[in-house]
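Everything on this sheet refers to the single structure shown next.
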């Protein structure tokens, strides 16, 4: 490829076609920018913008108030002793795993753990023991399974795992496990617990201390209305010296964070949205009520919601036998649902999915959720005689 003017024309500004649509994509509903964050994105979008004010440690910058955000507001919000901003939830998980273990050690993951939890463990050189879930339809995770997994690792290797992780909630079904009980079980074996809150921190009230978790991670671009990739990491006082240890070559730089992490638009949009994010977590009961109402509407049309019931999170997984039956009869049927929703300015169910899909009701309110439910019903009626 020759980089002449004609070949470069495909780049430059690219319009986002889905703007203005009702967004039900679980990856995006909690990450939609606030008005303040949109302003910050423009104001602080230049490269290393916040580094103009850095004396060597990014989280100590006082103007803009990154120091107060990282060392005061964020620990209180996460319910932990110390916190940092990272380049994403997966980077937060890796920092914990890499600092807590060494190659050949073991980590325990829940059976619904995100793939990035596996990848983080692999990158850290850790072996993985999985706590199985109960399978369809609820995919229940038994807290006592952590004890069995820890005992199995200890029996086979002569020492317990260095860490256990629970996904809260999982990114497939939106199940919220009994994390407090899991923490209690793990601590009976002196195994610390990491709470993966990529879909909870910023959407719902969650406190590492109240749960009993030793570590908590969150995703700014999934659930804290920030421009990503950006994440947060909270650590208890006991393990902070391990995770946030300093380099012997540059005494102000923290090794696991590679000296600095999110800088520029990512951290500034995270801070800009923070006041609104804190406030919206206080309305979580209404979000749950909306999710249950929406699920009930869909089940009345023949959809089947998988996962916990009654559901306690905005992320839900549905089986849609009606849509799947239509897809088997119409031309290019795999994509009929995507096309129908696009015409109705509804975005978030991936192209090609008809039989199974997940979605999120977060932040939409009953009026927009009603539009989505009505649209599903209209589509079923449109093809009922096909």
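Observations, loosely collected:
- Among the residues making up region 46-65, those that are surrounded by 14 or more Cβ atoms within 10 Å (Cβ to Cβ) and either modelled with pLDDT of 95 or more or not in a helix (DSSP H, G or I) (or both) are 54, 57, 61, 64.
- Residue satisfying all of: in region 330-340; modelled with pLDDT of 95 or more and out of contact with any helix residue (DSSP H, G or I) (no Cβ under 7 Å at 6 or more places or on another chain); surrounded by the fewest Cβ atoms within 10 Å (Cβ to Cβ) among these: 339
- Which numbered condition residue 202 fails, given (1) farther than 27 Å from residue 271 by Cα; (2) touching a helix residue (DSSP H, G or I) at 6+ places or on another chain (Cβ under 9 Å); (3) buried (at least 24 other Cβ atoms within 10 Å of the Cβ): (1)
- Residue match in region 105-113 (condition: out of contact with any strand residue (DSSP E or B) (no Cβ under 9 Å at 6 or more places or on another chain) and either over 19 Å from residue 230 (Cα atoms) or surrounded by fewer than 24 Cβ atoms within 10 Å (Cβ to Cβ) (or both)): no
- Filtering 121, 95, 164, 89 for residues that are over 19 Å from residue 240 (Cα atoms), buried (at least 22 other Cβ atoms within 10 Å of the Cβ) and touching a strand residue (DSSP E or B) at 6+ places or on another chain (Cβ under 7 Å) leaves a single hit, 121.
- Taking region 301-327 as the range and being out of contact with any helix residue (DSSP H, G or I) (no Cβ under 9 Å at 6 or more places or on another chain) and outside any helix (DSSP H, G or I) as the test, the residues that pass are 306, 307, 308, 317, 319.
- Against the criterion of being buried (at least 19 other Cβ atoms within 10 Å of the Cβ), outside any helix (DSSP H, G or I) and over 16 Å from the mean Cα position of the chain (by Cα), residue 183 does not qualify.
- Number of positions in region 114-128 that are over 21 Å from residue 26 (Cα atoms) and free of Cβ contacts under 8 Å to residues at least 12 places away in the same chain: 1
- Of the residues in region 263-271, at least one is out of contact with any helix residue (DSSP H, G or I) (no Cβ under 6 Å at 6 or more places or on another chain) and in the same structural domain as residue 49 (by TED's automatic domain parsing).
- Options 127, 157; residue that is at pLDDT below 95 and farther than 26 Å from residue 319 by Cα: 157
- All conditions but one from (1) crowded, with 21+ Cβ neighbours inside 10 Å; (2) in a helix (DSSP H, G or I); (3) touching a strand residue (DSSP E or B) at 6+ places or on another chain (Cβ under 6 Å) apply to residue 75; the one that does not is (1).
- For region 1-39, a residue qualifies if it is more than 30 Å from residue 372 (Cβ to Cβ) and touching a helix residue (DSSP H, G or I) at 6+ places or on another chain (Cβ under 8 Å), and exactly one does: 1.
- Qualifying positions in region 140-149 - touching a strand residue (DSSP E or B) at 6+ places or on another chain (Cβ under 7 Å) and part of a loop (DSSP other than H, G, I, E, B): 141
- Among the residues making up region 117-128, a single one is in a strand (DSSP E or B) and either under 22 Å from the mean Cα position of the chain (by Cα) or within 17 Å of residue 171 (Cβ to Cβ) (or both): 128.
- Residues of region 278-290 satisfying the condition of being farther than 11 Å from residue 204 by Cβ and touching a residue at least 24 places away in the same chain (Cβ under 8 Å): 278, 290
- For region 187-196, taking the residues that are crowded, with 22+ Cβ neighbours inside 10 Å and without any contact (Cβ under 8 Å) to a residue 60 or more places away in the chain, the one that is nearest to residue 115 (Cα to Cα) is identified as 195.
The values are calculated or read from the model by the stated rules, or taken from the named source; none is laboratory data. None of the values given here were measured: they were computed from a predicted structure. Reconstructed Cβ throughout: ideal geometry from the backbone, glycine too, with neighbour counts over all protein chains shown.
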